[in-house]
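Have a look at the structure below, then the notes.
The values are calculated or read from the model by the stated rules, or taken from the named source; none is laboratory data. Keep in mind that this is a model prediction, so the values were computed, not measured. Backbone-built Cβ (ideal geometry, glycine too); neighbour counts: all protein chains shown.
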Amino acid sequence: MKRLSIIAFLLFVCACANSETFAQRKSVSGAEVTGTFRSYLTGRFNDSYNEILIQALGGNKLKIEMKLVHPYQVTENISVNVGHATGEAVIEGDTAVFTPEDAISELCKITLKFSEPGTLIVSTKENRECAFGQFVSGDGTYKKTSGTRPKFGVDTSSGYVEPQERKAVTGNHLAVFTGKCRVQLIKGFFPCDSKVVFAQLANGRSLLTFIKREKGKEIMFTLSGGSDRQPNLENYFLGIDTFRLKNGDNDEVSDNGMEGECHFRMNKAATNFFSVKCDIYNRAKGTIYNFYLENITKTDHQEL
């Protein structure tokens, strides 16, 4: 009898523990869910992080933006694959599930569970359908770093932080592509210089410069951004947020409200590039620009 009592007691304890472990809170406040949450990576890149911005909209709805990174090193250079997700979700109890607006299909389901104040647990179903970069994942435990109402779509930088041991020696990487260049600013393409310069800067930003020579003057078009993604080794996408135009000795004109990407096609070792196509636009102004370098015959790399 005594032994049966002990067994019954242990079963009771286990049942209670399980119910507490998997219990779902009935509700969470808007103040608890609103803010910035970060999950730091482990290992060599432990200064880098994934970041989620959340705002309670009322009516059990949440506005969500995720900025994800996967840094890795194959040769002497570090590459960073990124993922970005935005959308709205309905929260039930302490859990919200949503499919990002830019997901490949509805199979992508991201679950956000507010397990306790200041802690967010994220899990993903069918990660490949979420349109993230290769090996990029938002899964993990996040801690709240700010309760301030976040600004969505403003800061396009990722959570990649260069490892300390590389900061003193990392410089700028320059590549000069030679191919067939054409540009469209209003309607109709016009030819441009066969050489296009691509620079990856030590501050994490990258830029592309296209040149058109006209009546003894150089017109320089520079596209730059700080976010990228690489779904596979042969395709690389650079997000563009800034466009600059320099016409001879005239003052430079810039537009910091750009969106869009430059698509690089290359071999798996990134030693030879085949084409670069940039389609960028300013949503508010209604302007659309296209910069294409095709049939690339020569790629020159240089460290500065």
Problem set entry | Residue pairs meeting the criteria (Cβ under 7 Å; at least 6 apart or on separate chains; first more than 21 Å from PHE189 (Cβ to Cβ), in the range 266-288; second of a type in the set (Asp, Glu)) | MET266/GLU234; ASN267/GLU234; LYS268/GLU234; ARG283/GLU259
Problem set entry | All positions within the range 224-271 that are touching a Leu at 6+ places or on another chain (Cβ under 6 Å) and surrounded by fewer than 14 Cβ atoms within 10 Å (Cβ to Cβ) | VAL253, LYS268
For this session: Of the conditions (1) β-branched (Val, Ile, Thr); (2) modelled with pLDDT under 90; (3) within 30 Å of PRO117 (Cβ to Cβ); (4) surrounded by fewer than 16 Cβ atoms within 10 Å (Cβ to Cβ), THR148 clears all except one; give me its number.
Result: (2)
